[in-house]
Amino acid sequence: MKLGILATATLLTAIVPANAASAENIQHTQQLLATRQCSQCDLSGAGLVLANLPGADLRGANLSGANLSRANLSGADLSGANLSGTSLFGVNLSGANLTGANLTGADLRTAYLGNANLASVNLTNAVLLGVRGMPTNIGEAEDFYRLGVAEAKGGNYRNAIDYYNQALSLKPDLAAVYFARSMSRADLGDFAGATQDAQVAGELFASQGNARGQEVSKELAAAIVVRQKPTEPRTGGGSWMNALGALGSVLLKVLF
């Protein structure tokens with residue numbers, strides 16, 4: 001399954017749809033909260049922030065536009081549910097069954113998906129930054145790379161590294177991912193790991209005939225050395241900003 005990751009990075013402001021509060025079926029909402037049994041229910045636009053619903057039966061339920069931010073849905077059955085435009089910010093979906101669910105445009109930032117079943121899920125334009133426990137079988141290496149870059153741009157370097165690791169588990173010869181992970185490691189102070197990644201990136205770029213990638217990897221390695229000596233003047237080609245500036249054009253050529 002291929003994700004709409006490029007759109008993901010532009011949807012950070014989409015927390016709850018404007019019409020999320022409309023047409024809420026109060027009886028169905030109360031039934032869910034009281035019994036945790038609400039298959040096929042109409043819960044569109046429902047306000048369920050922080051709701052404690054572990055193991056809830058929500059098969060085929062309509063939760064479009066609902067606000068489930070930081071709710072506990074661990075082990076819940078959401079198979080076939082409509083979660084389009086739903087706010088799932090920070091939600092716990094560990095072990096949940098989301099088979100065939102519609103998550104188009106859903107806000108899943110910082111959600112936890114460990115051991116969740118996402119078979120045949122529609123994640124088009126879903127907001128996925130900061131998602132934890134994302135299964136590697138719902139995206140391609142380049143998708144996880146792009147998520148990592150978006151996290152790194154926001155200063156979330158540990159999240160970025162998690163995504164880079166997932167990308168490399170799918171395609172271990174992506175030089176661009178080693179290059180990007182090198183920068184995130186350096187920003188976290190892991191200069192040994194950053195240097196190693198920069199070297200691997202350079203070797204892979206060289207083996208793939210990408211002279212520009214090999215050159216900028218050398219610049220990155222030199223910039224990492226400079227960063228470890230902040231009191232010394234920064235001269236020559238080992239500039240961190242030069243490496244950053246070259247990143248976009250080099251990686252675009254590698255991935256597309």
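Does Gly189 satisfy the condition of being over 23 Å from Ala111 (Cβ atoms) and of a type outside the set (Ser, Thr, Tyr)?
yes
Only one of (1) at pLDDT below 85; (2) out of contact with any Asp or Glu (no Cβ under 6 Å at 6 or more places or on another chain); (3) of a type in the set (A, V, I, L, M, F, W, C) is not met by Ala243, so which one is it?
Answer for Ala243: the failing condition is (2).
Residue-by-condition table, conditions (1) basic (Lys, Arg); (2) closer than 26 Å to Gln208 by Cβ:
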{"position": "Gly154", "(1), (2)": "no, no"}
{"position": "Leu168", "(1), (2)": "no, yes"}
{"position": "Lys171", "(1), (2)": "yes, yes"}
{"position": "Leu174", "(1), (2)": "no, yes"}
{"position": "Arg185", "(1), (2)": "yes, yes"}
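Just give me the residues in the range 121-153 being small (Gly, Ala, Ser) and modelled with pLDDT under 85, in sequence order.
Result: Gly130, Gly139, Ala150.
Kindly provide the set of residues from the range 120-164 that are part of a strand (DSSP E or B) and closer than 20 Å to Ala81 by Cα, ordered by number.
Those that are part of a strand (DSSP E or B) and closer than 20 Å to Ala81 by Cα: Asn122, Val127.
Taking the condition of being under 18 Å from Asp162 (Cα atoms) and in a loop (DSSP other than H, G, I, E, B), how many residues in the range 185-209 meet it?
Result for the range 185-209: 3.
For the range 60-76, state whether one or more residues are modelled with pLDDT of 95 or more, basic (Lys, Arg) and within 23 Å of the chain's Cα centre (by Cα).
yes
On the given criteria, is Leu147 within 22 Å of Ala46 (Cα to Cα) and touching a residue at least 24 places away in the same chain (Cβ under 8 Å)?
Criteria not met by Leu147.
So in the range 21-38, with the set limited to residues that are surrounded by fewer than 16 Cβ atoms within 10 Å (Cβ to Cβ), under 17 Å from Asp77 (Cα atoms) and polar (S, T, N, Q), which one is nearest to the chain's Cα centre (by Cα)?
This residue is Gln37.
The values are calculated or read from the model by the stated rules, or taken from the named source; none is laboratory data. Note that this is a predicted model, so its numbers are computed, not measured. Cβ coordinates were reconstructed from backbone atoms using ideal geometry, including for glycine residues, and neighbour counts include every protein chain displayed.
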